[in-house]
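Visitor: Encoded as structure tokens, here's the structure I'll be asking about.
The values are calculated or read from the model by the stated rules, or taken from the named source; none is laboratory data. Since the structure is predicted, the reported quantities are computational estimates derived from the model, not experimental observations. Every residue, glycine as well, gets a Cβ built from its backbone with ideal geometry; the counts of neighbours run over all protein chains shown.
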Amino acid sequence: MRARVPAAAVAAVLLAAGTPVPAAAAVPAAAPVSTAPCPKLPAPGVTRPPRPTPPPALPEQQVVGGEGLATSGLVVPPAAPAPPPVTATSWLVADLDTGAVLGGCGPHEYGTPASVQKLLLAATMLPRLDPKRVATVTRPDLDIEPGSSAVGLVEGGRYPVETVWLGLLLQSGNDAANLLARLGAGSAAAGVREMNAEARRLGALQTHAVTPSGLDGPGQFTSAYDLALIARSCFADPTFRRYALTERTQIPAQPTLRRPGFQIQNENQLIHRYPGALGGKTGFTELARHTYVGAAERDGRRLVVTLLGAEARPVRGWEQGARLLDWGFGLPRDASVGRLVDPGELTAAAGSPAPPSAPAAVAPAAAGRAAGGDPSWLGGAVIGGVAGLVGALAVLVAVRRRRRATRRVRRRVAWD
């Protein structure tokens with residue numbers, strides 16, 4: 001289990017280094033919490049591909065939402081019943097309305113998003129696009145990894161933006177993601193830049209997108225905590241809530257292209273099988289494994305669950321999410337181990353829109369490979385301006401733990 005660094009110590013080192021103090025350092029700790037290994041559900045017969053090497057874990061990011069969340073293990077309120085075992089490598093349950101974090105497993109551990117990244121696209125572009133606008137599909141919009149999920153948009157086809165959103169959220173269309181990113185920012189690449197800016201605004205400092213769809217790419221990452229921030233922003237939008245609960249829709253015919261219309265269904269089984277479901281998003285790639293975000297309401301209380309790195313056997317991802325939602329609804333309404341920060345809170349406190357890790361410096365060539373769904377994660381993010389900070393923090397940790405040597409943060413992060 002990782003040694004935790006007090007927020008006050010983080011703030012002191014940042015100030016000594018002349019670095020703006022992010023609000024994370026000022027977030028008060030929640031009530032005392034217990035930590036233990038996360039309960040795991042065995043996944044027999046499953047061989048996971050090698051996990052990518054994450055970027056350096058920066059302490060000021062790991063205490064966003066409270067010091068109790070800075071653990072790679074389980075964090076739950078005192079005297080809370082044990083959460084159900086799951087195959088996910090990390091997860092979090094939070095209250096959508098109060099922002100209280102009810103519990104989690106490695107809330108700030110890095111993971112690969114897969115298609116739950118489409119929620120960040122929605123949080124970024126939904127407010128910008130007129131749902132009644134009719135968009136024309138171009139060839140670059142259809143540049144997705146062969147065999148990956150798609151709605152079935154056709155080049156030259158004309159579709160209402162609302163229909164494209166439904167194709168994104170119901171069918172996880174990567175073609176729809178490219179189109180929406182282009183419509184909202186002028187190009188898919190510009191759309192990704194806007195997504196990363198939105199992640200920083202929301203306080204999702206561990207999130208970095210390189211594709212609008214979540215197709216694997218070098219330097220792409222997120223965390224269970226960050227996904228909860230993004231999901232909270234999405235569910236605050238009534239249009240998103242309506243889309244997320246839509247069970248099916250019709251993709252219109254394209255008569256001039258001799259393409260018939262067809263129907264698509266919502267792939268998120270939570271809305272079909274879980275009472276009070278509000279919707280969410282599924283995701284899967286060979287590298288990310290199964291990822292999931294789901295929300296539900298019970299007795300006037302709205303909770304969200306996020307999972308990364310899950311397996312579909314012996315229990316599917318959405319079912320693991322449902323079990324964690326049940327666990328969360330069983331906790332007292334005042335239960336908390338931390339909180340979800342408010343949009344703009346961290347950047348306002350730091351006095352700068354840039355995240356501490358500056359992960360956006362992914363090489364353009366690597367981002368280009370990511371647009372085609374490169375699953376290798378070769379390449380990396382150039383990390384600047386943190387070597388001295390982490391060295392000073394290592395001294396503090398060494399004093400507390402006596403066995404931790406001074407670490408040096410490499411300026412280039414290699415992704416497996």
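Visitor: For a quick check of your reading of the model, give me the residue pairs whose first member lies in the stretch 290-310 and is over 17 Å from Phe221 (Cβ atoms), whose second is of a type in the set (Asp, Glu) and outside any strand (DSSP E or B), with beta-carbon atoms closer than 6 Å and at least 6 apart or on different chains.
Guide: Arg302/Asp97
Visitor: Which residue, of Gly191, Gly152, Gly217, Gly167, is of a type outside the set (A, V, I, L, M), over 27 Å from Arg51 (Cβ atoms), touching a Lys or Arg at 6+ places or on another chain (Cβ under 9 Å) and surrounded by 22 or more Cβ atoms within 10 Å (Cβ to Cβ)?
Guide: Gly191 is the lone residue from the list that is of a type outside the set (A, V, I, L, M), over 27 Å from Arg51 (Cβ atoms), touching a Lys or Arg at 6+ places or on another chain (Cβ under 9 Å) and surrounded by 22 or more Cβ atoms within 10 Å (Cβ to Cβ).
Visitor: Thr138 - would you say it is closer than 30 Å to Gly219 by Cα and either small (Gly, Ala, Ser) or touching a helix residue (DSSP H, G or I) at 6+ places or on another chain (Cβ under 9 Å) (or both)?
Guide: Yes: the conditions hold for Thr138.
Visitor: Taking the condition of being in contact with a helix residue (DSSP H, G or I) (Cβ under 6 Å, 6 or more places away or on another chain), assigned to a loop (DSSP other than H, G, I, E, B) and crowded, with 24+ Cβ neighbours inside 10 Å, how many residues in the stretch 89-115 meet it?
Guide: Matching residues across the stretch 89-115 total 2.
Visitor: To continue, here is another question. Kindly provide the set of residues from the stretch 170-186 that are touching a Pro at 6+ places or on another chain (Cβ under 8 Å) and within 29 Å of Ala348 (Cβ to Cβ), ordered by number.
Guide: Result: Leu180, Ala181.
Visitor: Of all residues in the stretch 68-85, how many are surrounded by fewer than 23 Cβ atoms within 10 Å (Cβ to Cβ) and either over 19 Å from Trp318 (Cβ atoms) or among the β-branched types (Val, Ile, Thr) (or both)?
Guide: Selection size over the stretch 68-85: 9.
Visitor: Further, regarding this structure: With the structure loaded, tell me whether Pro78 is part of a loop (DSSP other than H, G, I, E, B), over 22 Å from the mean Cα position of the chain (by Cα) and modelled with pLDDT of 50 or more or whether it fails that test.
Guide: In short, yes.
Visitor: Now, a different point. Being closer than 22 Å to Thr239 by Cα and polar (S, T, N, Q) is the filter here, so list the residues in the stretch 137-165 that pass it.
Guide: Thr163
Visitor: List the residue pairs whose Cβ atoms are under 7 Å apart, where the first residue sits in the stretch 338-354 and is of a type in the set (D, E, K, R), the second is modelled with pLDDT under 95 and part of a helix (DSSP H, G or I), and the two are 6 or more positions apart or on different chains.
Guide: Pairs that qualify, where the first residue is of a type in the set (D, E, K, R) and the partner is modelled with pLDDT under 95 and part of a helix (DSSP H, G or I), are Glu345/Ala23.
Visitor: Residues being without any contact (Cβ under 8 Å) to a residue 60 or more places away in the chain, part of a helix (DSSP H, G or I) and among the aliphatic types (A, V, I, L, M): count how many of those fall in the stretch 241-285.
Guide: 2
Visitor: Would you check if Asp95 is farther than 29 Å from Ala57 by Cβ, at pLDDT 95 or above and of a type in the set (Asp, Glu)?
Guide: no
Visitor: Can you pull out every residue in the stretch 224-272 that is basic (Lys, Arg) and touching a Gly at 6+ places or on another chain (Cβ under 6 Å)?
Guide: Of everything in the stretch 224-272, nothing turns out to be basic (Lys, Arg) and touching a Gly at 6+ places or on another chain (Cβ under 6 Å).
Visitor: Here is a further query. Which numbered condition in (1) out of contact with any strand residue (DSSP E or B) (no Cβ under 8 Å at 6 or more places or on another chain); (2) closer than 14 Å to Gly294 by Cα is the only one that Leu245 fails?
Guide: Going through (1) out of contact with any strand residue (DSSP E or B) (no Cβ under 8 Å at 6 or more places or on another chain); (2) closer than 14 Å to Gly294 by Cα one by one, Leu245 breaks only (1).
Visitor: Here's a check for you: in the stretch 137-146, which residue that is under 22 Å from Gln263 (Cβ atoms) and under 25 Å from the mean Cα position of the chain (by Cα) is surrounded by the most Cβ atoms within 10 Å (Cβ to Cβ)?
Guide: The extreme case among them is Asp141.
Visitor: Would you kindly identify the helices (runs of 4 or more DSSP H) lying entirely within the stretch 288-399 that contain at least 2 residues that are out of contact with any Cys (no Cβ under 9 Å at 6 or more places or on another chain) and modelled with pLDDT of 50 or more?
Guide: Here the list reads 317-329, 345-350.
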